[in-house]
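Below: one structure, written as structure tokens.
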Amino acid sequence: MTSSFEALLPGTERALLHRVATAQAEGRTPSLVGAVARDGRMVWEGGRSCVVGHAPDADTQYRIGSITKPFTAVLVMRLRDEGLLDLGDPLERHLPGTGVGDVTIAQLLCHSSGLAAESPSPWWERTPGTGRPALADVLGERPVLHPAGRRHHYSNTGYTLLGSLVQAVRGVPWEEALAVEVLEPLGLERTTIRPVTPHAGGWAVHPWADVMLPEPLEDLGLMAPAGQLWSTAADLCRFAAFLAEGDERVLGAETLREMRTPAVAPEAGDWDGGYGLGLQLVRRDGRALVGHSGSLPGFVAGLWMSVEDGVAAVVLANATSGPLPGVVAADLVRIVAEAEPRMPAPWRPLPEIDPTLLELTGPWYWGTYSYGLRVLAGGGVELCPLRGPGRASRFRAEPDGTWTGLDGYYAGETLRVVRREDGSVSHLDVGSFAFTREPYGPEDAVPGGVDPDGWRGL
């Protein structure tokens, strides 16, 4: 999508750089790079480093840890869209012998499978993947800790299983499927399984002294689909644009919208966070953000986007702990969204409209609740309460003349126009509810009928 903006204003750029500089200094990290994309195009980058006269740029690779998970989820959703599996399928149907019971693919994607968070000792992020040559080594003797589907429990091992699922269904290794099906079509040339120069080295900074030591850079083996990837701020800005808008060569916009929809309740006490299908969902400063955070020894990373504002931000750093890239990335989104709010598209009339659709617009009544129906672009309609909160929903037109709910209370429900024998509109049937032109009109098709004496005073 072509941006409707030019470069950011100098004041906005100064605020962004100040936030990145503060994060690097207060987080005590050897280097940190941030980037912002607006309407699908990177419009700012800035970096800081402990090396005088040198700073990383948006083409410098960092390890991104669990930001690998959305890439793996995209591969799984492609299999679903191709009809090769269903998200409700038990994993064992496509990958037998794992020992995880009836855990479904959807539950693995949204971390409600009940699987353990980590593989058995030793610490998988800091030891070679060759030490876990089989899924049994990754899962251990007690892979399931909670009843499937009952709670959100983040699981790295679950994404190992999803990577193995991709390999089983595609017949090629996870990394090969990723390169061919996602990285190449999206032009993510600097997103790789192993580091490619220029890249940052991973460091641990002492918590009580300004000294540091290098972290090992291990190949994760079977755990790779949970956190193996290296990438750049520029590539992740491109990936964020894809997650917001879709790309028919990889996944369509409707599937990406499904991935961004909450799929599991958040942990108790964390009602500002949730998880979709491979994507973390948070609310910061009243703004809904979608993306993912990531960490591996020596690296931390964050990617957040506000689809409504058309703004995405990436923050990458090379320290085991210290800065919180997720917090910093959310701040970068806020800075741009508040300083330079998105310009609305110019209003334009519809090119044409069906007169039979136009006659459906205006007020409707469900009992005594008043609603308004308006026409949307593409032949869809929107039904909204006229006073106070209520069951607002948008509907997509179907070939048979009905509409299907897209969101809100009526998501998935059918809106149908019921006509009288003479062809005039009697009422709207919305998921079995009758919406009439008058509140309990004597001639209206109101379930249960209308008192023949009509409306009256006290």
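The values are calculated or read from the model by the stated rules, or taken from the named source; none is laboratory data. It should be emphasised that the depicted structure is a prediction, and the values quoted were computed from it without experimental measurement. Cβ: placed from backbone, ideal geometry, glycine included. Neighbour counts: every protein chain shown.
Some values worked out for this structure:
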{"item": "Subset tally (residues that are more than 23 Å from Ala244 (Cβ to Cβ) and surrounded by 21 or more Cβ atoms within 10 Å (Cβ to Cβ)) for the range 28-47", "result": "5"}
{"item": "Extreme residue, surrounded by the fewest Cβ atoms within 10 Å (Cβ to Cβ), among residues of the range 179-194 that are outside any helix (DSSP H, G or I) and touching a Lys or Arg at 6+ places or on another chain (Cβ under 7 Å)", "result": "Gly187"}
{"item": "Qualifying positions in the range 235-254 - within 30 Å of Gly129 (Cβ to Cβ) and either touching an Asp or Glu at 6+ places or on another chain (Cβ under 6 Å) or not hydrophobic (A, V, I, L, M, F, W, C) (or both)", "result": "Asp235, Arg238"}
{"item": "Matching residues in the range 384-421 - criterion: being among the aliphatic types (A, V, I, L, M) and either in contact with a Phe, Trp or Tyr (Cβ under 8 Å, 6 or more places away or on another chain) or part of a loop (DSSP other than H, G, I, E, B) (or both)", "result": "Leu386, Ala392, Ala397, Leu406, Ala411, Leu415"}
{"item": "Residues of the range 428-447 satisfying the condition of being in contact (Cβ under 8 Å) with a residue 40 or more places away in the chain and either exposed (fewer than 14 other Cβ atoms within 10 Å of the Cβ) or in a strand (DSSP E or B) (or both)", "result": "Leu428, Val430, Phe433, Ala434, Phe435, Thr436, Glu438"}
{"item": "Extreme residue, modelled with the highest pLDDT, among residues of the range 330-359 that are surrounded by 14 or more Cβ atoms within 10 Å (Cβ to Cβ) and assigned to a loop (DSSP other than H, G, I, E, B)", "result": "Glu340"}
{"item": "From the options Val172, Val166, residue that is assigned to a loop (DSSP other than H, G, I, E, B), in the same structural domain as Thr192 (by TED's automatic domain parsing) and closer than 16 Å to Leu79 by Cβ", "result": "Val172"}
{"item": "Residue match in the range 241-251 (condition: without any contact (Cβ under 8 Å) to a residue 60 or more places away in the chain, at positive phi, of a type outside the set (Ser, Thr, Tyr) and touching a helix residue (DSSP H, G or I) at 6+ places or on another chain (Cβ under 8 Å))", "result": "yes"}
{"item": "Per-region count, the range 115-136, residues buried (at least 23 other Cβ atoms within 10 Å of the Cβ) and within 23 Å of the chain's Cα centre (by Cα)", "result": "1"}
{"item": "When residues of the range 256-279 are limited to those that are touching a Gly at 6+ places or on another chain (Cβ under 6 Å) and without any contact (Cβ under 8 Å) to a residue 40 or more places away in the chain, the one farthest from Ala106 (Cα to Cα)", "result": "Leu256"}
{"item": "When residues of the range 360-389 are limited to those that are within 16 Å of Leu350 (Cα to Cα) and among the small types (Gly, Ala, Ser), the one farthest from the chain's Cα centre (by Cα)", "result": "Gly379"}
{"item": "Test for Ala148: is it at negative phi, modelled with pLDDT of 95 or more and either out of contact with any Phe, Trp or Tyr (no Cβ under 9 Å at 6 or more places or on another chain) or surrounded by fewer than 19 Cβ atoms within 10 Å (Cβ to Cβ) (or both)", "result": "no"}
{"item": "Among (1) over 29 Å from Arg80 (Cα atoms); (2) of a type in the set (D, E, K, R); (3) in a helix (DSSP H, G or I), the one test that Asp210 misses", "result": "(3)"}
{"item": "Some residue of the range 62-76 being buried (at least 21 other Cβ atoms within 10 Å of the Cβ), touching a helix residue (DSSP H, G or I) at 6+ places or on another chain (Cβ under 9 Å) and in a loop (DSSP other than H, G, I, E, B)", "result": "yes"}
{"item": "Yes/no for Leu289 being assigned by TED's automatic domain parsing to the domain that holds Ala58, out of contact with any Lys or Arg (no Cβ under 6 Å at 6 or more places or on another chain) and within 26 Å of Gly412 (Cβ to Cβ)", "result": "yes"}
